[in-house]
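Let me begin by presenting the structure, written as structure tokens, before commenting on it.
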Amino acid sequence: MDGRLSPPGLALPRIGLGGSAFGNLYRATSDEDCTAAIDAAWDAGVRYFDTAPHYGLGLSERRMGAALADRPRSDWILSTKAGRLLEPTPERAAHLDDGFAVPAAHRRVWDFSRDGVLRSLEASLERLNIDRIDVVYLHDPDDHWEQASTQAVDALVELREQGVIRAIGAGMNQSAMLAEFVRRCDVDVVMLAGRYTLLDRSAEADLLPLAQERGVAVVAAGVYNSGLLSRARVDAASKFDYRTTPDHLVRRASRLAEICRTHGVTLPDAAVQFPLRHPVITSVVIGARNRQQIEQGIERASVQIPEALWDEIDAWRSDESVAAGENSFDD
């Protein structure tokens with residue numbers, strides 16, 4: 001593990017495959033493409049797979065479970081999430097879900113109660129067609145801290161003690177509340193999306209030092225910041241944090257791309273590898289919707305990056321922080 005933290009008794013690999021696109025995120029993905037992506041990841045040595053009920057109203061879980069079904073269960077690690085129950089809405093089946101290209105035949109209902117967590121995981125086990133889950137994250141409990149940090153965590157601890165799951169935590173797009181889970185709750189690992197990247201290092205102020213102090217592992221997701229860091233030459237139309245990118249962030253990303261080019265690597269190469277430079281980051285989860293995308297992501301993770309690139313980026317950020325204020329992401 002190269003000195004990186006990992007949940008007790010669970011050695012998470014450096015690279016994992018994220019399954020949001022398997023739920024038809026933004027546009028349809030075929031069963032064949034999803035299976036091919038998982039096959040390519042497996043052939044490249046990837047053994048960590050992440051999904052959630054939220055992704056395509058259960059479609060991602062069903063596809064991932066089916067594609068992994070023929071592999072020995074002890075050979076791979078799977079994480080899913082809890083906090084959104086899927087309730088049938090057959091009257092809306094002719095409409096598309098918001099954000100995922102699937103029929104809106106279910107609706108998501110926030111529920112971080114003990115019963116809600118147990119029901120969510122029971123449904124996930126059925127969709128995945130497996131009898132145990134390795135890691136369960138409470139999914140986006142931003143507006144539900146009280147219930148999530150008590151009832152939901154207690155339920156997950158109980159399941160961990162029973163051996164139904166092996167590690168527990170939370171997964172969010174912010175670092176402040178994840179830091180509170182680490183500070184106050186008995187969690188093993190957290191998934192941080194988009195807040196420890198080449199462009200946004202805000203987790204350095206709260207989560208990362210606390211996680212290192214407490215021995216809690218961090219899985220980094222959203223390393224491309226929703227697309228802005230995914231191309232060698234920055235596209236101003238790319239999203240940042242799922243929204244239109246402000247001009248000043250386009251300029252900052254473009255400068256990062258220039259620095260990368262001077263050292264013979266690409267911006268996405270550096271974006272994939274950057275989080276793993278911190279000892280508390282145990283894995284980077286890369287999203288993909290087909291074989292080509294996951295092969296590209298794995299290749300980016302293996303590119304040799306000179307230390308001088310990181311030094312130049314740090315020097316540039318230091319100058320930027322003096323001029324404009326550290327981590328200035330708003331207009």
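So here's what we get for this one:
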quantity: Considering residues of the range 287-311 that are of a type in the set (A, V, I, L, M, F, W, C) and surrounded by fewer than 24 Cβ atoms within 10 Å (Cβ to Cβ) only, the residue farthest from S79 (Cα to Cα); calculated: A308
quantity: Criterion: in contact with a strand residue (DSSP E or B) (Cβ under 6 Å, 6 or more places away or on another chain) and in contact (Cβ under 8 Å) with a residue 12 or more places away in the chain - qualifying residue of S230, S226, S202, S254; calculated: S226
quantity: Hey, R127 of a type outside the set (V, I, T), part of a helix (DSSP H, G or I) and touching a helix residue (DSSP H, G or I) at 6+ places or on another chain (Cβ under 6 Å) or not; calculated: yes
quantity: Subset of the range 21-44 (residues that are farther than 24 Å from L86 by Cβ and in contact (Cβ under 8 Å) with a residue 12 or more places away in the chain); calculated: A36, D39, A40, A41, W42, A44
quantity: Residue, surrounded by the fewest Cβ atoms within 10 Å (Cβ to Cβ), within the range 251-271, restricted to residues that are hydroxyl-bearing (S, T, Y) and in a helix (DSSP H, G or I); calculated: T262
quantity: Residue check for V219: closer than 21 Å to S302 by Cβ and of a type in the set (A, V, I, L, M); calculated: yes
quantity: Given (1) of a type outside the set (V, I, T); (2) within 26 Å of S302 (Cα to Cα); (3) within 17 Å of the chain's Cα centre (by Cα), index of the condition N24 fails; calculated: (2)
quantity: Positions within the range 111-131 being surrounded by 14 or more Cβ atoms within 10 Å (Cβ to Cβ) and closer than 19 Å to G163 by Cβ, in sequence order; calculated: R114, V117, L118, S120, L121, S124, L125, L128, I130
quantity: Given (1) under 24 Å from A41 (Cβ atoms); (2) hydroxyl-bearing (S, T, Y); (3) part of a helix (DSSP H, G or I), number of the condition S230 does not satisfy; calculated: (3)
quantity: Only one of R108, R73 that is touching a residue at least 12 places away in the same chain (Cβ under 8 Å) and either under 21 Å from V164 (Cβ atoms) or of a type in the set (G, A, S) (or both); calculated: R73
quantity: For S283: the one exception among (1) part of a strand (DSSP E or B); (2) among the small types (G, A, S); (3) farther than 18 Å from N173 by Cβ; calculated: (3)
quantity: The range 188-224, residues that are more than 25 Å from R317 (Cα to Cα) and assigned to a helix (DSSP H, G or I); calculated: E213, R214
quantity: Some residue of the range 188-198 being over 19 Å from R14 (Cβ atoms) and among the acidic types (D, E); calculated: no
quantity: Filtered residues of the range 172-193 (kept if under 17 Å from V285 (Cα atoms) and touching a Lys or Arg at 6+ places or on another chain (Cβ under 6 Å)); calculated: S175
quantity: In the range 237-250, residue modelled with the highest pLDDT [restricted to those that are surrounded by 13 or more Cβ atoms within 10 Å (Cβ to Cβ) and more than 20 Å from Q174 (Cα to Cα)]; calculated: V250
quantity: Enumerated strands (runs of 3 or more DSSP E) restricted to the range 1-100, each holding at least 2 residues that are surrounded by 15 or more Cβ atoms within 10 Å (Cβ to Cβ) and of a type outside the set (F, W, Y); calculated: 15-18, 77-82, 84-88
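Yes/no per residue for (1) surrounded by fewer than 20 Cβ atoms within 10 Å (Cβ to Cβ); (2) in a loop (DSSP other than H, G, I, E, B); (3) at pLDDT below 95:
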position: A148; (1), (2), (3): no, no, no
position: D154; (1), (2), (3): yes, no, no
position: V157; (1), (2), (3): yes, no, no
position: R160; (1), (2), (3): yes, no, no
position: I168; (1), (2), (3): no, no, no
position: Q174; (1), (2), (3): yes, yes, no
position: A179; (1), (2), (3): no, no, no
position: R183; (1), (2), (3): yes, no, no
position: D186; (1), (2), (3): yes, yes, no
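The values are calculated or read from the model by the stated rules, or taken from the named source; none is laboratory data. Fair warning: this is a prediction, and the values are worked out from it, not measured in the lab. Neighbour counts run over all protein chains shown; Cβ positions are idealised from the backbone, glycine included.
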